[in-house]
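Below is one structure, written out as structure tokens, with a few remarks after it.
Nothing in this text is a laboratory measurement; each read-out follows from the coordinates by a stated rule. Predicted model only: the values in this text are computed from it and were never measured. In this analysis, Cβ positions are derived from the backbone assuming ideal geometry, glycine residues included, and neighbour counts consider all displayed protein chains.
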Amino acid sequence: MDSVTQQPGDPALEPIRAKVLAGERLSPADGLTLYRTRDLFTLGELAHLARRRRHGLRAFYNINRHINYTNFCVLKCKFCAFGRPYNPRGDQVADGYTLSVDEIVAQAVEAAQRGATEVHIVGGLHPTLPFSYYTDLCRAIKQHCPSLHIKAFTAIEIVHFTRIARPRLSIAEVLTALKEAGLDSLPGGGAEIFDDRVHDETFQTKVGEEQWFDVHQAAHRLGLPTNATMLYGHVESVEERIQHMIKLRKQQDISLAEHPAAFQCFVPLSFIPDGSALAHLPGPTGLDDLRTLAVSRLLLDNFPHVKAFWIMQSPQLAQVALNWGVDDFDGTVVWYDITKREGRGTTRQEMTVPQIRRLLREAGCQPVERDTLYRAVLCGDKVIR
Ligand code: V47
């Protein structure tokens, strides 16, 4: 007999299996055991069980377009290869850009004409754009494409807007103004790792966890659903990842109990070192990606959805992850400037609907086009394969 067939299951997973079967909440120590086990099959089995309990074998995707309105940024996060410094005298780096409101609207209109239900808009922290730019762009998109869902601005951008608005505004006031202008929900970016050590080492100039949670809590109070991310595979430890998830789980308990909106989706983002100040790091392996997605499905029992963002995990890994706890694939994306694993280093990074549906079906799942609120989009006479 070869050693592979002799490999026993990990007995340390048995109490965790019992908890998962009973629908009991897992502890941080359970999370560590799941991360450390060599028994990847049982980890996958348990995560798939938790995923099937919520969603059966449905796998969600959407037709969307990501729009990155500027790459100028006042921050210097070490993991980021996207931001460009801004020189107020005008002699900018050659590849710095800022889209006008008209250019953003043109992209949104094109997306809507191609069947998109969502625009996902984020950018760097631009030092001179006024707050009115952001409200204007929401209003203009809604005017031209009233049915397009605007998912925009990370918590970091929202805190930036509180500082640039004149007169200065609170987080709740900024969110209210954006909501009135057409904002429908917030993406999960900017969370990175909720830990002071990791914050000081990699994104010290950025606001930390307290304000990230302030923004999301304020959004939930106002009835705006949000997502939450975790940027993993750089300088953080597995324990720090688990703490990150536990902090989100606590906030989600509060939001579900007390607020009209809550987190919809957890989005673990696989660190892509290329071009960043941490380019010497190797980045996560495929198994680390798979483990992280599976553990998050099991620990975050109060998050409806776990997303593998194919742009960062790769379409191949995201496909495999559909049997390791993941139920959401994100969407067609089209353009993406923040990281460039796909698209051979260009910003054009698109998957077509037939490509996505083929990957989901091949993973044994039933592809479901969703809108941003995870309602199934009725395909009508759209041609899909
Ligand atoms: O906040 C930056 C991350 C985030 C790198 O809510 C990097 O549905 C990997 O938040 N390698 C922005 N990641 C993207 C984001 C997102 C993406 C898709 C869906 C959703 C959602 C949210 O990208 C940033 C940062 O954490 N990031 N640089 C990098 N080198």
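Give me the extension gain from Ala172 to Asp371: residue separation times 0.36 nm, minus the current Cα-Cα distance, reported in nm with one decimal.
My answer for the length gained is 69.1 nm.
Please determine, in degrees from 0 to 90 and to the nearest 10, the orientation of helix 40-55 with respect to the longest principal axis defined by the Cα atoms of the chain, where the helix direction is its Cα long axis.
Rounded to the nearest ten degrees, it is 60.
In sequence order, what are the phi-derived ³J(HN,Hα) couplings for the range 285-291 according to the Karplus relation 6.51 cos²θ - 1.76 cosθ + 1.60 with θ = phi - 60°, rounded to whole Hz, with x for glycine and proline?
Once rounded to whole Hz, the list reads 8, x, 5, 5, 4, 5, 4.
Which ³J(HN,Hα) values, rounded to whole Hz and listed in residue order, are derived for the range 234-247 from phi using the Karplus coefficients 6.51, -1.76 and 1.60 in 6.51 cos²θ - 1.76 cosθ + 1.60 with θ = phi - 60°, glycine and proline given as x?
10, 9, 7, 9, 5, 4, 5, 4, 5, 4, 4, 5, 5, 5
Using amide H atoms built 1.01 Å from N in the peptide plane, name the residues 5+ places from Leu125, or on other chains, whose amide H lies under 5 Å from its own.
Amide H neighbours of Leu125, under 5 Å, 5+ apart: Val74, Leu75.
Work out, step by step, the length gained on full extension between Glu110 and Gln143: first 0.36 nm times the residue separation, then minus their alpha carbon distance; give nm to one decimal.
10.5 nm
Can you grab the distance from the C-alpha centre of the range 233-247 to the C-alpha centre of the range 90-142, Å, no decimals?
Here the answer is 32 Å between Cα centres.
Could you grab the relative contact order for the chain? Cα pairs under 8 Å, six or more apart, rounded to a whole percent.
21 percent
Could you work out how far apart the two model spin labels at Thr352 and Asp274 are, taking each label as a point 7 Å from the Cα in the direction of the beta carbon, and quote it in nm?
2.4 nm
Rounded to the nearest 500, what is the 222 nm mean residue ellipticity of the chain from helices alone, with -39500 (n - 2.57) per DSSP H run of 4+ residues and division by all residues?
-12500 deg cm²/dmol
If I take all pairs of Cα atoms in the chain, what percentage of them are more than 37 Å from each other?
Across the chain, Cα pairs with separations above 37 Å total 17 percent.
Quick one: angle between helix 209-221 and the longest Cα principal axis of the chain, in degrees between 0 and 90, rounded to 10, please.
80 degrees
Specify the angular offset, from 0 to 90 degrees and rounded to the nearest 10, of the alpha carbon long axis of helix 101-113 from the longest principal axis of the alpha carbons in the chain.
Helix 101-113 sits at roughly 50 degrees to that axis.
Stretch Ser100-Leu378 to full length: gain in nm at 0.36 nm per residue minus the Cα-Cα span?
Result for the pair: 96.8 nm of gain on full extension.
Count the lysine pairs in the range 58-383 whose Cα atoms sit under 17 Å apart, keeping only pairs 8 or more residues apart in sequence or on different chains.
So the count of such lysine pairs works out to 7.
With the cut-off at 17 Å, report for the range 11-51 the share of all Cα pairs above it, as a whole percent.
16 percent
For the chain, modelled as a Gaussian network with Cα springs under 10 Å, which listed residue fluctuates most, Asp328, Asp371, Asp136?
Ranking Asp328, Asp371, Asp136 by mean-square fluctuation puts Asp136 first.
Let's test the formula: R0 of 25 Å, r as the Cβ-Cβ distance of Arg53 and Glu240. What FRET efficiency results, to the nearest 0.05?
0.35
Apply the Karplus curve 6.51 cos²θ - 1.76 cosθ + 1.60, θ = phi - 60°, to the phi angles in the range 314-325 and return the couplings in whole Hz, x for Gly and Pro.
Taking θ as phi minus 60°, the curve returns 5, x, 5, 5, 4, 5, 4, 5, 4, 9, 10, x Hz for the range 314-325.
Over the range 1-82, what portion of Cα pair distances is larger than 15 Å, expressed as a whole percent?
Pairs farther apart than 15 Å: 71 percent.
Using modelled backbone amide H atoms (1.01 Å from N, in-plane), which distant-in-sequence or interchain residues come within less than 5 Å of Gln349's amide H?
Val334, Trp335, Tyr336
For a Förster distance of 25 Å, can you work out the FRET efficiency between the beta-carbons of Val93 and Trp335, rounded to the nearest 0.05?
That gives a FRET efficiency of 0.80.
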